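The values are calculated or read from the model by the stated rules, or taken from the named source; none is laboratory data. All values derive from a computational prediction rather than experimental measurement. All Cβ positions, glycine included, derive from the backbone under ideal geometry; neighbour counts span all protein chains shown.
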Amino acid sequence: MNYVIILSGGTGSRLRGIDRPKQYYKVGGRTILSYCIERVDQCEAVDAWLVVADTDWQQAVLDEIRMLARAGMVSEDGRKFLGFAKPGKNRQLSILHGLRALQDRAEEPDIVMIQDAARPCTPLRQIGACMEAAKGADGAMPVLPMRDTVYYSEDGTRVDALLAREKILAGQAPEAYVFGKYLRANEALTEEEILGINGSTEPAVRAGMQIALVEGDERNFKITTAEDLRRFERIMEDDR
């Protein structure tokens, strides 16, 4: 089985002027989260998915799922939707909560994918490619090559080294992992260590899991800043 955990518990604090978390901001009459849900649900490789969301927003998520189902944008009656998990103090703790919510259902070799609610343009091809690549390793993640020259600075005031650009990669979501191994990799960390995690693949790398690389996609951007939001709004306007 292939599962997806959609992370929708963030506050979107870097998007000033918006009165709600960015994933619940509406573009084209729909929340940003709903575009993410639509793509995850429509991917044939995905068997089921859940949403990590604060209790205050869960009814809004249910309303969006019903709207998508009525419009035929997700499976009938949202049958792939498994329910909710509560968010943690940071992204990685939210992932751990999502993994534990799947414990009674997912088996050791199943694949679990981590997706951000604020990535509404992820191509279906990329979701399927990550799922497939994870089956041949312990996990998989999409990456983009670095186009700019990359330098290293020890103290942030001077250049100490020029790094090999061809060996530096920018990671994207969604990332996919073998469920049992990834759950154990996260549970092996203390809460303090989890709060220091910067990317969801870090616990896997620490645990010695083999993570395959999948070609990333420039269209799969995460809405983080006001400019990102304007970019997505322009994309939706062009698609009308």
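In the list 236, 209, which residue meets the criterion of being assigned to a loop (DSSP other than H, G, I, E, B), over 16 Å from residue 91 (Cβ atoms), touching a residue at least 24 places away in the same chain (Cβ under 8 Å) and out of contact with any His (no Cβ under 7 Å at 6 or more places or on another chain)?
Sole residue among the options that is assigned to a loop (DSSP other than H, G, I, E, B), over 16 Å from residue 91 (Cβ atoms), touching a residue at least 24 places away in the same chain (Cβ under 8 Å) and out of contact with any His (no Cβ under 7 Å at 6 or more places or on another chain): 209.
Go through the stretch 73-96 residue by residue and tally those that are assigned to a loop (DSSP other than H, G, I, E, B), surrounded by 13 or more Cβ atoms within 10 Å (Cβ to Cβ) and free of Cβ contacts under 8 Å to residues at least 60 places away in the same chain.
4
Per-residue answers, yes or no, for (1) exposed (fewer than 14 other Cβ atoms within 10 Å of the Cβ); (2) closer than 30 Å to residue 22 by Cα; (3) modelled with pLDDT under 95:
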site	(1), (2), (3)
120	no, yes, no
137	no, no, no
147	yes, yes, yes
163	yes, no, yes
174	no, yes, no
181	no, no, no
191	yes, yes, yes
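Would you be able to say whether some residue in the stretch 140-156 is in a helix (DSSP H, G or I) and either under 30 Å from residue 41 (Cα atoms) or among the β-branched types (Val, Ile, Thr) (or both)?
The answer is no; no qualifying residue exists.
Go through the stretch 188-197 and report how many residues are in contact (Cβ under 8 Å) with a residue 12 or more places away in the chain and either outside any helix (DSSP H, G or I) or among the acidic types (Asp, Glu) (or both).
Total satisfying the criteria: 4.
Take residue 47 and decide whether it is touching a Phe, Trp or Tyr at 6+ places or on another chain (Cβ under 7 Å) and at pLDDT 95 or above.
When the stated conditions are applied, residue 47 passes them.
Please go through (1) at pLDDT 95 or above; (2) out of contact with any Lys or Arg (no Cβ under 9 Å at 6 or more places or on another chain); (3) of a type in the set (Ser, Thr, Tyr); (4) not in a strand (DSSP E or B) for residue 200 and return the number of the only condition it doesn't satisfy.
Single failed check for residue 200: (2).
What are the pairs with Cβ atoms under 6 angstrom where one residue, in the stretch 97-111, is outside any loop (DSSP other than H, G, I, E, B) and the other, located anywhere, is of a type in the set (Gly, Ala, Ser)? Sequence gap at least six, or different chains.
Note: pairs meeting the criteria are 97/85; 97/88; 98/85; 101/85; 111/134; 111/176.
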